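Everything on this sheet refers to the single structure shown next.
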Amino acid sequence: MTPPTRLTLSDGRTAGHLLSQPTGPVTQRSVRTALRELADVVHAQPERRSWAILGELDPPDELDVHDALEMTRWVVSHDELGRLAVRLDIAQVICVGTSRAMHGLHQGAVMEGSWGSEAVLVSGPKEALDILDAQLGQDDVVLVMGGRELRLAESFGAGGVSKGEDF
């Protein structure tokens, strides 16, 4: 097993533990599974705080962006992920992107009961990194997932990272 993956912050500090993004397309199912894994890891050790940094899913090949009903379903699928994150008691949800789908994810978290800065919407990975720089704790666990187009995992150095043996 590899040692735990630590995040290096802009001031050189290392903090938090990074869960790896599963390989393959980022779908609603893969994000649901990853959020449940994050919740299991953190709830087993209450001194840890959970972070979910989420970008828009990879769109299915058959998604017709000109079909209003399909696009509404696409947004609702993101809304459901925001709601799930709150139900799983994920402490911090950072929604990365400005699309309608990402607004849906943020709205889902807020409507499910996240308040204050527990769920935030930022325009890009830089703003998400800034939040982590300011708030990430030593024992926090971070999940970073987003579709290939956003390259969110690469922004956090998360490509191909393993979870480490302390999980």
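The values are calculated or read from the model by the stated rules, or taken from the named source; none is laboratory data. Only a predicted model underlies this, so the values are computations on that prediction, with no experimental measurement involved. As a convention, Cβ positions derive from the backbone with ideal geometry for all residues, glycine included, and neighbour counts pool all protein chains shown. Side chains included, ligands, DNA and RNA excluded: accessible areas come from the protein's heavy atoms. Shrake-Rupley method; radii C 1.70, N 1.55, O 1.52, S 1.80 Å.
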What is the one condition in (1) in contact with a helix residue (DSSP H, G or I) (Cβ under 6 Å, 6 or more places away or on another chain); (2) within 22 Å of A128 (Cβ to Cβ); (3) not in a helix (DSSP H, G or I) that D64 does not satisfy? (2)
Return yes when L129 is closer than 23 Å to R13 by Cβ and aliphatic (A, V, I, L, M) and no when it is not. yes
Close pairs (9 angstrom Cβ cut-off, 6 or more residues apart or separate chains): of a type in the set (G, A, S) in segment 39-54, open to solvent by 80 Å² or more (accessible area, probe 1.4 Å) and part of a loop (DSSP other than H, G, I, E, B) anywhere: A39/D89; S50/D89
So, in segment 11-68, of the ones that are at pLDDT below 90 and of a type in the set (V, I, T), which residue ends up most open to solvent (accessible area, probe 1.4 Å)? T23
Out of all the residues in segment 69-81, which are under 27 Å from Q45 (Cα atoms) and surrounded by fewer than 23 Cβ atoms within 10 Å (Cβ to Cβ)? E80
Would you check which residues across segment 37-77 are under 29 Å from L18 (Cβ atoms), of a type in the set (D, E, K, R) and over 14 Å from the mean Cα position of the chain (by Cα) and list them? D40, E47, R48
